[in-house]
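This report refers to the structure that appears directly beneath it.
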Amino acid sequence: MKVCSVIAEFDPFHNGHQYLLDKARELTQADILVVFMSGNFLQRGEPAIVDKWKRTREALLGSANLVIELPINVSMQAAHLFAMGAVQMATLIKSDYLVFGSEHPQQDYKKMAVEAQNLKIENDSYAQSFASQLFTSLQGKTGVNLENANDILAFNYFNAAQQLKSSIKLLPIRRKEAEHDEKLLEHRHIASASAIREARLKGSLNYQKFVPEQTKMDLSREVVDWQKLWPFLKYRIITESVTDLKQIYGMSEGIEYRFKKFIKDSSDLKSFLALMKTKRYTYTHLQRLCMAIVLNLHTSQMLNQPTILRVLGFDNTGRQLLHQFAQEDLPILSKIGQNKATSNYQTTLQADNVYSLISGVEQSVGRKPIILT
């Protein structure tokens, strides 16, 4: 049984994602399509616009056979750690292929990953982030400028596979029509998730032709964005001591003092990040830090390896693979309350409880995998 894994956020699931799944099945001729999907909090430090259960149904209706959650200690990480966790999980289930979108799939990412192993980067420059220094050095060696979000992830998938000595075949697929962060809804069939989210949050219906029917239904209901979390962030920073803020995952080099300094005079996340921004820290890094504060995430929680396969949904074909997992004694979690498994899922459970507060929909207790028959 040939297994193809796809790494995705589906925030939300749109026509471009449908193209990715269709292309993955076509190119790999896989018997089973497994989606490793970020849960309720995402790589760029944002809440998903609709919850993981809705996005799971969207993915299954889009031809995925099995949806497994990327836990928060994978889903809300910098690109290299996100990729490492995703490759570890796909390797755990013995995937034959790992598929992901890329702006430039023709690049020799494997060669770049090999080059990266030989680079020595001293992370002591306050003018550049470590990633910027790495990509500058790689450009000097290979001539390739990694600047697109999904190209950066593609490189990191190959780099992770290289470090893990994984035999999984990596297959980047060209993103069709819209760029990752393109804001204009002007293409005939496919728009970026960023443009779709922005249109929905502004109350426009222009996004509807770019998403399948299930996504259209899900976006017609209440959605979630950072605006709902802003009061929680402000409260946490104002009431926490500098010493306590320093314990939050990702805090370093005294940046906790900047959080305390600028929070009172900020009226929303955008204005706050503008005050916080330095050359050393990207907006995405700062936004992840903000989310880590809201969720009260500490280093010990976030640096654990992903050890649990939290099943969010499956169809009859996916059920066959789950039976195989059970026979191989893989660590499957299908519902909250399975004591041993749940104990390894506490950080994601903690985050889900916060998402439940802002969405008004229970995310953990009583939730079972979505089954399509």
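The values are calculated or read from the model by the stated rules, or taken from the named source; none is laboratory data. Treat the numbers as computed from the prediction; the structure is a model and nothing was measured. Here the Cβ is made from the backbone with ideal geometry for all residues, glycine too, and neighbour counts use every protein chain on show. Side chains included, ligands, DNA and RNA excluded: accessible areas come from the protein's heavy atoms. Shrake-Rupley method; radii C 1.70, N 1.55, O 1.52, S 1.80 Å.
Separation of the range 1-68 and the range 221-288 by C-alpha centroid, Å?
With the range 1-68 and the range 221-288 each reduced to a Cα centre, they are spaced 30 Å.
At 1.4 Å probe size, with no ligands or nucleic acids counted, give the accessible surface of Ile72 in Å², nearest ten.
10
Excluding Val365 itself, calculate the net charge of residues whose Cβ lies under 15 Å from the Cβ of Val365, where each Lys or Arg counts +1 and each Asp or Glu counts -1. Don't skip to the end; give the middle numbers.
Working: positive: Lys52, Arg310, Lys335, Arg367, Lys368; negative: Asp51, Asp352, Glu362.
My count for the surroundings of Val365 gives +2.
Counting only DSSP beta bridges with both residues in the chain, tell me the antiparallel percent, nearest 5.
Values: 5 of 29 bridges.
Around 15 percent antiparallel, to the nearest 5.
If the limit is 26 Å between Cα atoms, which of Lys54/Lys202; Lys202/Lys228; Lys234/Lys335 go over it?
Violating the 26 Å limit, Cα to Cα: Lys234/Lys335.
Quick one: putting +1 on the C-beta of Lys and Arg, -1 on the C-beta of Asp and Glu, what dipole do you get for the range 185-235 around its Cα centre, in Debye to the nearest 20?
So the dipole magnitude of the range 185-235 works out to roughly 80 debye.
How much solvent-accessible surface does Asp108 expose, in Å² to the nearest 10, with a 1.4 Å probe and all protein chains in place?
Near enough 90 Å² of accessible area.
Over the heavy atoms of His298, what accessible area does a 1.4 Å probe trace out, to the nearest 10 Å²?
60
Looking at the chain as a GNM with Cα springs under 10 Å, which of Ile93, Ile238, Ile293 has the largest mean-square fluctuation?
With Cα springs under 10 Å in the chain, the top fluctuation among Ile93, Ile238, Ile293 is at Ile238.
Assign unit charges at the C-beta atoms only (+1 for Lys and Arg, -1 for Asp and Glu), then state the dipole size of the chain relative to its Cα centre in Debye, rounded to the nearest 20.
Charge dipole, the chain, about its Cα centre: 260 debye, nearest 20.
Given H placed 1.01 Å from N in the peptide plane, which residues other than close sequence neighbours of Tyr249 have an amide H under 5 Å from its amide H?
Amide H neighbours of Tyr249, under 5 Å, 5+ apart: Leu297, His298, Thr299.
Need one word for the range 39-88: rounded, prolate or oblate. Basis is the Cα gyration tensor (sqrt eigenvalues a ≥ b ≥ c); a/c below 1.5 gives rounded, then a/b vs b/c decides.
Oblate is the answer for the range 39-88, as a/c is 1.5 or above yet b/c matches or exceeds a/b.
What residue among Leu312, Leu229, Leu27 shows peak mean-square fluctuation when the chain is described by a Gaussian network model with Cα springs under 10 Å?
Checking each option, the largest mean-square fluctuation is seen for Leu27.
Could you work out [θ]222 nm for the chain from helices alone, using -39500 (n - 2.57) per DSSP H run of at least four and dividing by all its residues? Round to the nearest 500 deg cm²/dmol.
The helix-only estimate for the chain comes to -13500 deg cm²/dmol at 222 nm.
Taking the Cα atoms of the chain alone, what are Rg (to one decimal) and Dmax (as a whole number) in Å?
Expressed in Å, the Cα Rg and Dmax of the chain come to 20.0, 58.
Roughly what % of Cα-Cα distances in the range 70-122 sit above 15 Å, to the whole percent? Walk me through the intermediate numbers first.
Values: 860 of 1378 pairs.
Above the 15 Å cut-off, the range 70-122 has 62 percent of its Cα pairs.
Per q in 0.09 Å⁻¹, report the Debye log10 I(q)/I(0) for the range 233-373, using one uniform scatterer on each alpha carbon and no solvent.
-0.40
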